[in-house]
Every structure is written in structure tokens, then in C-alpha cells.
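Below is one structure; the comments refer to it alone.
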Amino acid sequence: MKKICLILAFVFVFALSVPQAAYANMAAPEDADIGSSITFEKNDSISVLSEVLDITVDGSKAHISATYRMKNTTDESVSTRSMFLSPNIETSGVQVTVNGRDTSFKTERFVLNYDTEIKTDGWQYAVLSDVEAEGLMGERSVDSITFEMDFEPNEEYDVVVAYAYRLGGYPDYDFNVKEGRIDYFLAPAAMWKSFENLTINLYLDKDMPVISRSNLEFEKIDTRTYQYVSDTLPAENLKIVIDENWYQNIFSTLRSPYLPMTLMLFSPIIIAVLAVVIFMIWRLRKWKKENSDHQAADR
């Protein structure tokens with residue numbers, strides 16, 4: 001399997017605005033005439049005490065649930081709009097829970113034209129354009145889930161964003177190019193006042209039970225179960241490629257529609273190798289027989 005950006009996935013970001021409806025305290029977006037601009041700004045009130053990210057793979061999809069423990073660190077009430085970003089969101093399966101209550105949200109899809117790297121010493125905008133207008137999809141598209149959060153002074157509670165994620169790569173193939181890719185956007189969480197304690201639980205299914213590549217180091221803690229734990233936010237967004245195990249790859253290679261053509265292409269070499277092997281076996285047996293005959297004659 002040759003697969004990846006599973007995948008990328010999700011993120012909380014504070015304070016977003018567009019040129020048509022800029023929110024107070026947002027910096028003016030540049031080049032507003034080329035698309036809707038979203039501004040990410042450092043939040044000095046709300047901290048993320050922990051994030052638990054559960055990724056459960058089932059066939060060509062994954063169920064992703066991000067649970068944030070968030071706290072208002074001020075003595076004043078705070079209301080803030082949050083945007084959660086991810087590629088490949090199945091919008092029909094989205095659920096947002098704030099402080100134990102189901103919360104209304106808005107989902108949108110954009111084409112990503114600018115880098116989404118987040119710089120914690122200031123703000124940075126990304127130009128997001130309408131998907132249909134751009135006519136572009138794939139890795140350049142990004143989905144968003146937008147909702148509101150209200151905090152009382154010094155209040156802390158859980159915020160949960162859950163959704164179905166379409167694996168990148170070729171998860172539905174049943175031959176040797178099969179693979180699944182998971183991408184998750186971790187970087188925007190740096191825009192909160194502080195971030196601590198990240199746990200990522202990855203549960204794979206029997207069709208693709210191993211991690212073939214990952215930019216974060218996971219520990220295998222059980223059958224098809226992997227975990228990553230850190231007390232700080234990683235410098236990179238999460239990128240995982242999952243695959244079949246070695247014997248599944250052997251059988252899937254035999255199911256490849258390209259195998260007959262490959263065998264035909266290399267048949268002269270295969271025949272030559274078989275001929276050499278047969279000749280060597282014949283020579284070895286002949287040598288053993290001659291040696292046995294000599295030994296019998298010496299007696």
C-alpha cells in the first residue's frame with residue numbers, strides 16, 4: 001500500500017473573519033478580492049488543558065472524535081467562535097458537544113490556496129475559495145466546522161467534535177496498492193492561550209492493521225491499537241499511512257490485475273531462472289549418483 005495524508009485532520013482555531021463580515025479585534029485581511037479570508041488570532045483567554053483524539057478505522061472510513069478540556073483563565077465571561085478544520089469530512093456524521101450539550105454548527109468546504117502554517121507570535125490568514133468556483137478538490141480542499149463557545153469566569157469544560165472521515169489513499173482496493181491515509185491538523189490549536197497533554201488513540205481494523213508511516217512515533221499497546229502521548233503540541237500536523245501486514249500484502253499481490261501482464265513481461269527471465277535451477281538440481285543429483293557409484297566400486 002502506498003498511501004497517506006489519512007490523514008490530516010482537525011483543529012480548533014480562535015477568531016475567524018471574512019471580508020464581508022469582519023469580526024471585532026480581527027486584523028484586516030489582505031488581498032480580500034481573491035477570495036474569503038479567514039484570520040487566525042492568538043487567544044489570550046482560553047487554554048486547552050488536554051486533548052484526546054480517538055481515530056477508529058473501519059474499512060475506507062474512520063470515526064474521529066476530538067475531546068478538548070478547555071478553560072477560561074480570566075475572571076470575565078468569554079464568548080468565542082471556533083473553527084475546526086479537516087480534509088475529507090463526511091458532514092452527515094458531524095456532532096459537536098460543548099459542556100455536555102449538543103451545539104449547533106455550520107459546515108463548509110473550501111479550496112485551500114495559501115499555506116495554513118500557524119505562527120504563535122501573531123496572526124496569519126489563509127485564502128479559502130469556493131470549491132465549485134475553483135473546480136479543485138483532493139488535497140487542496142479543506143472542510144470546516146464552525147460553532148460558538150460561551151465560558152463563565154474561570155469555567156472549564158469538555159468540547160467534543162466528532163465526525164466521519166474518508167481515508168485518503170486506496171483503502172477500497174483489494175490488491176497490493178491498498179493503503180489508507182489519515183491527516184489531522186494539530187497546528188491551529190497553538191492559537192489558544194496554552195496547550196497541554198495530547199493523547200492520540202489509533203484503532204485499526206483487520207484489513208489494514210499496521211502503521212507503515214507516521215510523522216509521530218506511536219506505541220503499539222494492543223492488537224491493532226496504537227497510542228501517542230505528549231505533554232506539548234507537536235510541531236507538525238499529523239500524517240499517518242496505514243497498510244496491510246506482510247502476509248496480507250503477499251495475497252493482495254496475487255490478486256493484482258497487473259500480475260498476469262507482469263509475469264508475461266518477465267516470463268523470459270523467469271524461464272531462464274527456472275532452467276538454471278533445474279540444471280543445477282540435475283547436476284547435483286548426477287554428482288551424488290556418480291559419487292555413490294565410486295564408493296560402491298571401492299568396496
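Here, each number is a calculation from the coordinates, and none is a lab measurement. Being a predicted model, the structure only gives us computed values, none of them experimental. Note: ideal-geometry Cβ built from the backbone for every residue, glycine included; neighbour counts use all protein chains shown.
Would you mind computing, in nm to one decimal, how far apart the modelled labels at residue 99 and residue 196 are, each placed 7 Å from Cα along Cα→Cβ? Between residue 99 and residue 196, the label points sit 2.2 nm apart.
The stretch between residue 231 and residue 282 holds 11.8 nm of extra length on full extension. This uses 0.36 nm per residue minus the Cα-Cα distance.
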